[in-house]
Each structure stands twice: as C-alpha cells, then as structure tokens.
Amino acid sequence: MIERFDGNRYNYELTLDEDSNETLFMIRAVCKETGRFSSINNLNAMLGEFDLEPDNPEYEDSFWIIDRSKAEELFKVTECLLSSEQFVVYLEKRLDEDRMFGEWENVVTN
C-alpha cells in the first residue's frame with residue numbers, strides 16, 4: 001500500500017508492503033522543483049517522532065523490513081504527522097538542510 005501526501009515544497013509517499021510476518025516500511029520525499037527524492041524514515045526528524053533510537057542499526061537503512069505490527073504503528077504515526085501542516089513546515093526545513101549537506105541523487109522518472 002502506498003499513501004501520498006502533498007507538502008509545500010515536497011511530496012511524500014508512505015509505503016507499507018506486507019509479506020508474511022515481515023513488512024517493508026518506507027517514507028519517500030520528492031522535491032517538487034527538481035524531482036529528486038530520498039527515503040526519509042531514517043532522518044533524525046522522523047526518528048524522533050517515532051520514539052526510536054537514532055543509533056539503532058535496525059533503523060539506519062533507507063527502508064526497513066520490520067515486524068508487521070511495528071510497521072502498521074509507524075504508518076499510522078506518519079499519516080498523522082504528514083497530515084499536520086505545522087509538522088510539514090518543520091519537516092521541510094529539515095529536508096532542505098539535508099539536501100544542502102548531501103545531494104539527493106535519485107530523480108523521479110514518470
């Protein structure tokens with residue numbers, strides 16, 4: 001399942017792909033201006049909202065294969081966050097900083 005959210009400078013794709021007991025969870029931000037994208041579930045701004053340890057190696061990758069119930073919980077939290085204009089403004093400031101320090105190389109090709 002993919003749910004899409006329209007932000008101010010970025011669009012967001014929230015992915016939950018269930019397979020047996022393990023589930024893929026990923027949040028992708030796409031810059032509206034350039035089409036460049038990055039998975040952001042491991043961004044400190046998101047990790048803090050998930051109440052996860054940023055140094056936990058399980059959450060270092062750009063997508064997570066995790067227990068189904070944990071993935072569903074994170075999906076619901078993310079839906080609420082991306083539905084909040086106030087959080088989106090905060091998140092987009094963090095994304096702008098992230099892009100300044102490291103280029104997002106992936107480009108959406110529709």
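The values are calculated or read from the model by the stated rules, or taken from the named source; none is laboratory data. What you are looking at is a predicted structure, and each value in this text was computed from that prediction instead of being measured. Cβ: placed from backbone, ideal geometry, glycine included. Neighbour counts: every protein chain shown.
Remarks
Quick grid of which residues meet (1) under 14 Å from the mean Cα position of the chain (by Cα); (2) surrounded by 14 or more Cβ atoms within 10 Å (Cβ to Cβ):
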residue: TYR59; (1), (2): yes, yes
residue: LYS70; (1), (2): no, yes
residue: THR78; (1), (2): yes, yes
residue: GLU85; (1), (2): no, no
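- Number of positions in the range 34-49 that are surrounded by 18 or more Cβ atoms within 10 Å (Cβ to Cβ) and touching a Leu at 6+ places or on another chain (Cβ under 9 Å): 5
- Any chance GLU18 is at pLDDT 90 or above and under 22 Å from SER69 (Cβ atoms): no
- Matching entry among ARG36, ARG94 (being among the basic types (Lys, Arg) and touching a strand residue (DSSP E or B) at 6+ places or on another chain (Cβ under 6 Å)): ARG36
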